[in-house]
1. Restricting to the chain, compute how many DSSP beta bridges are antiparallel as a %, nearest 5.
2. Where the convex hull is taken over the Cα atoms of the range 75-118, what is its projected area averaged over directions, in nm²?
3. Using θ = phi - 60° and the Karplus form 6.51 cos²θ - 1.76 cosθ + 1.60, what ³J(HN,Hα) does each residue of the range 42-56 get, whole Hz, x for Gly and Pro?
4. With springs connecting C-alpha atoms under 10 Å apart, model the chain as a Gaussian network and identify which of Gly246, Gly54, Gly101 has the largest mean-square fluctuation.
5. What lysines does Lys217 reach when the alpha-carbon gap must be under 16 Å and sequence neighbours fewer than 8 apart in one chain are set aside?
6. Which entry in [x] 40, 21, 18; [y] 26, 23, 17; [z] 27, 20, 18 is this structure's computed semi-axes √(5λ) of the Cα gyration tensor in Å?
7. Would you please put 89-98, 120-129, 20-29 in order of how densely packed they are, using the mean number of other Cβ atoms within 10 angstrom per residue and starting with the highest?
8. How much length is gained on full extension from Gln136 to Thr111, taking 0.36 nm per residue of separation minus their Cα-Cα distance?
Amino acid sequence: MSALEIRSEHVCFGGQQTFYQHQSETIGLPMRFSVYQPPQAKSDRVPVIFFLAGLTCTEETFMIKAGAQRLAAEHGLMLVSMDTSPRQTGIEGEADHWDFGAGAGFYLDATAAPWARHFRMESYITDELRNIIVQQFSADENRIGIFGHSMGGHGALTLALRHPDLYRSVSAFAPICAPRQCPWGQKAFVNYLGENQENWRSHDANALIEDGYRISKILIDQGLNDQFLTEQLYPDLFEKTCKEAGQELTLRHHEGYDHGYYFISTFMADHLKHHRDILFY
């Protein structure tokens with residue numbers, strides 16, 4: 001396991017907010033992640049929730065903008081967030097598009113060249129980074145949840161469904177629920193996974209529910225003034241699929257709210273409570 005380099009650390013609500021870099025064996029390049037350790041972690045192992053950020057974001061975005069640390073300190077929850085893709089891979093065109101490549105790893109393991117060599121975010125999160133958190137921090141490996149926003153909401157739903165043995169709780173803010181059917185997802189999937197659309201199903205939350213995958217109750221919040229709602233997100237389709245399949249889902253619509261972190265911070269308390277109620281009981 002590679003050594004962790006501390007990039008910065010800050011006392012925050014009695015706990016510790018730290019930003020790290022390490023040489024990832026899975027990615028084959030340096031990766032960055034961030035950890036908020038609540039005060040309770042000084043004396044005991046605590047539940048941990050992984051947050052997967054959206055397009056163009058980094059390991060810093062959630063920790064700076066979401067207003068989650070105060071609530072995590074109250075509940076005794078560790079928070080982990082990571083960069084949204086490998087960086088400076090040397091792949092031609094990796095930074096040409098804001099919605100694909102650098103900053104847009106889509107939380108899957110690419111299988112198509114040239115992306116397959118370094119874009120292995122699913123394995124990085126579910127294996128390497130998880131092991132780092134469990135082995136080097138005061139995290140309880142039996143009480144782990146996952147949530148995310150937009151592309152990261154897609155990641156949270158699909159990783160939770162694909163790895164129910166790893167994640168006991170899941171929620172999402174404005175997730176890409178059916179990426180096979182939207183421009184963001186189609187662009188990512190054809191490049192990362194190839195032309196065979198059957199291979200896309202296993203990274204599409206809506207298709208995973210159709211195919212029999214299940215997870216504990218899901219919470220989704222969606223703003224109705226979200227500029228990406230109609231073309232990219234498809235939460236109502238996901239709600240219909242979950243209802244037909246018997247998957248427990250609470251989908252909440254919010255008048256006036258858009259796609260950004262003002263929306264996320266408004267409902268952060270509800271999401272952390274959702275995870276706390278599952279992880280502590």
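1. Bridges in the chain are about 45 percent antiparallel.
2. That works out to 4.1 nm², a quarter of the Cα hull's surface.
3. 5, 10, 7, 6, 10, x, 10, 10, 8, 10, 9, 7, x, 3, 6
4. Checking each option, the largest mean-square fluctuation is seen for Gly246.
5. Straight-line reach from Lys217, under 16 Å: Lys240, Lys243, Lys273.
6. Entry [y].
7. Per-residue mean Cβ counts within 10 Å order the peptides as 120-129, 20-29, 89-98.
8. Contour length minus Cα-Cα distance gives 6.0 nm.
All of the numbers you see were taken from the coordinates with simple rules; none came from a lab. It should be emphasised that the depicted structure is a prediction, and the values quoted were computed from it without experimental measurement. Cβ: placed from backbone, ideal geometry, glycine included. Neighbour counts: every protein chain shown.
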